[in-house]
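Working notes, beginning with the structure itself.
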Amino acid sequence: MLLSIICLFISLNSQAQTKSEKVNLIWGDEQVLNKKTAFDDIIGTDDDGVYIIKRTRKGKAPIIIEKYSNDMSLKKSVPIILGEKKKERVYQYATQIDGELILFSSVLDKKAKVNLLFAQTVNKKTLKPSSKLVEVGSISFAGNSKRNSGWFTYQISNDEKKILIYYNLPYEKDGNEKISYHIFNKDLTLLWGKNVTLPYENQLFQVVDYEIQENGDLYLLSKIFKEKAKERRKGKPNFHYQIIAYTEQGNNVKEYPIVLEGKFLTDMKITINQDNDIICGGFYSDNGTSTIKGSYFLKLNESSNKIVTKSFNEFEIDFITQNMTEKLKKKTKKREAKGKDVELYQYDLDNIVLKDDGGAILVGEQFFIRVVTTTDAQGNVRTTTHYYYNDIIVISINPKGEIDWTEKIAKRQHTINDNGYFSSYAMAVNEDKINFIFNDNIKNLGTAKMTKGKAKGAVYDFTKKFKSSAAVLVQVDSDGRQVKEALFNAKEAELLIRPKVCEQISNNELVIYGQKRKTERFGKIVFK
């Protein structure tokens, strides 16, 4: 059920309330947007507030660490210089581990042919990093150029008390894939680590997801390609998913190939439940990698190495045609009636959320890019890149692997040459509800005047225009019922939110970030 909100006005003081009765919205101070800096990430939170990082484009300090109070007002901003000129380090990322802020930076030593990763704690009062550098990663690229020096990434454990430092070693032509992973605690003490040469050729092994348990066990979800790193070859699937489990501090290794005859698994996410079962969920297709026919749910017993629960659920035609115009809906149903394949186009699986009863929620979004190249009479070539972020799909699966319900949230976001800067959505799980926040066209909130001349069933595009945009909340309950409300009018608020950088920081709080051309602002959504 959609709840239309006609009044979209908002008071923009530091304690502004939304028109929604489901949340409180707290805005911090409006700030001048510095063209030389860009908000990068929320790196931590505690009882005193929220900590963020900004990157700088010019100047001695490559990053700025800032602290915001609980009312999202800026309290402190500190430029951070990473070493001296000849020993300058490159900022990689920052995060919070068991309440401790950790900053990671790297040095590419061309003379010694080594790529080094360092970590240092950050004082939450001064926002300054400790002078003590701890080496947490080292990659030798002897015999290779700096372009083939390996790379680092990280993942936080489920209990947020450990960090995985994962890195790919330099590529070797015709050689096997080499990876390294090390798990540290908040004191940057190494708990365990391992260098591995996998029985797969370079480029034919791709890590998709990581899962780190409270005891330090590590699960890697990977794609294994055949012959070439292409998802399809000669019209047929060219990869399968495989899970590799490293338990007992890496001393016990198990592989779980996920190959199901007759089904092409296009997307997969994994998580581990309380019984240490491996939960897999995603989409499958009969046609290929660009469309999906339904969802699947797998439960693997970690001890027996067997699939104990397996189910596939084909999307019904009414779900596929949901949010289509009446004309397109009629055309699609006619195609289905003739026995032709009807699948959803370009949906990516974003999240798998475990439910308390042992079931799961799958969340995906339609996303695709279209590139248009034109040539004018003078021979000038112009390339335009169109970004489409459309409907969100939510699928509830019970402990038996059966679908309880499927829902599709109407969303149309079409922008040009901007990498979808203000598109997509933010998600927050609060009690038995899943909340989605995104920028929408104000006309989709619906009044007779707004919908005049609109094709029946059509959804208006969000196009970044302030006068026609609103930030909205769509709340989906445990029975799949959805309610849509306006959070604020973009024109009145004088900003658009950037959903991709918004982040849930507690059970009932989501930090949001918005900006206009010359101003920026942080806010907090508090779910009642």
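Table for the structure above
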item	result
Residue match in segment 468-478 (condition: part of a strand (DSSP E or B) and within 17 Å of residue 421 (Cβ to Cβ))	yes
Residue in segment 157-164 that is among the basic types (Lys, Arg), farther than 21 Å from residue 96 by Cβ, touching a residue at least 12 places away in the same chain (Cβ under 8 Å) and out of contact with any Cys (no Cβ under 8 Å at 6 or more places or on another chain) present	no
Residue 391 being within 25 Å of the chain's Cα centre (by Cα), surrounded by fewer than 18 Cβ atoms within 10 Å (Cβ to Cβ) and either outside the structural domain of residue 441 (by TED's automatic domain parsing) or not in a strand (DSSP E or B) (or both)	no
Single condition residue 310 does not satisfy, out of (1) part of a strand (DSSP E or B); (2) assigned by TED's automatic domain parsing to the domain that holds residue 162	(2)
Which numbered condition residue 504 misses (of (1) closer than 23 Å to residue 388 by Cα; (2) modelled with pLDDT of 95 or more)	(1)
Residues that are without any contact (Cβ under 8 Å) to a residue 60 or more places away in the chain, more than 30 Å from residue 328 (Cα to Cα) and in contact with a strand residue (DSSP E or B) (Cβ under 8 Å, 6 or more places away or on another chain), drawn from segment 299-318	300, 301, 302, 305, 306, 307, 308
Where residue 448 falls short, out of the listed (1) within 21 Å of residue 317 (Cα to Cα); (2) modelled with pLDDT under 90	(1)
Residue match in segment 481-498 (condition: within 19 Å of the chain's Cα centre (by Cα), surrounded by fewer than 23 Cβ atoms within 10 Å (Cβ to Cβ), closer than 21 Å to residue 72 by Cα and not aliphatic (A, V, I, L, M))	yes
Qualifying residue in segment 86-108 (condition: surrounded by fewer than 16 Cβ atoms within 10 Å (Cβ to Cβ), closer than 30 Å to residue 202 by Cα, free of Cβ contacts under 8 Å to residues at least 60 places away in the same chain and among the charged types (D, E, K, R))	no
Of the criteria (1) over 23 Å from the mean Cα position of the chain (by Cα); (2) free of Cβ contacts under 8 Å to residues at least 60 places away in the same chain; (3) surrounded by 14 or more Cβ atoms within 10 Å (Cβ to Cβ), which one residue 231 fails	(1)
Which listed residue is closer than 23 Å to residue 157 by Cα, of a type outside the set (Phe, Trp, Tyr) and crowded, with 19+ Cβ neighbours inside 10 Å, from 218, 265	218
Residue count, segment 337-370 (criterion: over 22 Å from residue 411 (Cβ atoms), surrounded by fewer than 15 Cβ atoms within 10 Å (Cβ to Cβ) and out of contact with any Pro (no Cβ under 9 Å at 6 or more places or on another chain))	6
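Results for (1) modelled with pLDDT of 90 or more; (2) within 24 Å of residue 219 (Cβ to Cβ), shown as yes or no for each residue.
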site: 262; (1), (2): no, no
site: 284; (1), (2): yes, yes
site: 293; (1), (2): yes, no
site: 308; (1), (2): no, yes
site: 321; (1), (2): yes, no
site: 331; (1), (2): yes, no
site: 345; (1), (2): yes, no
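The values are calculated or read from the model by the stated rules, or taken from the named source; none is laboratory data. What you see is a predicted model; the values in this text were computed from it and never measured. Positions of Cβ are generated from backbone atoms using ideal geometry, with glycine treated the same way; all protein chains shown enter the neighbour counts.
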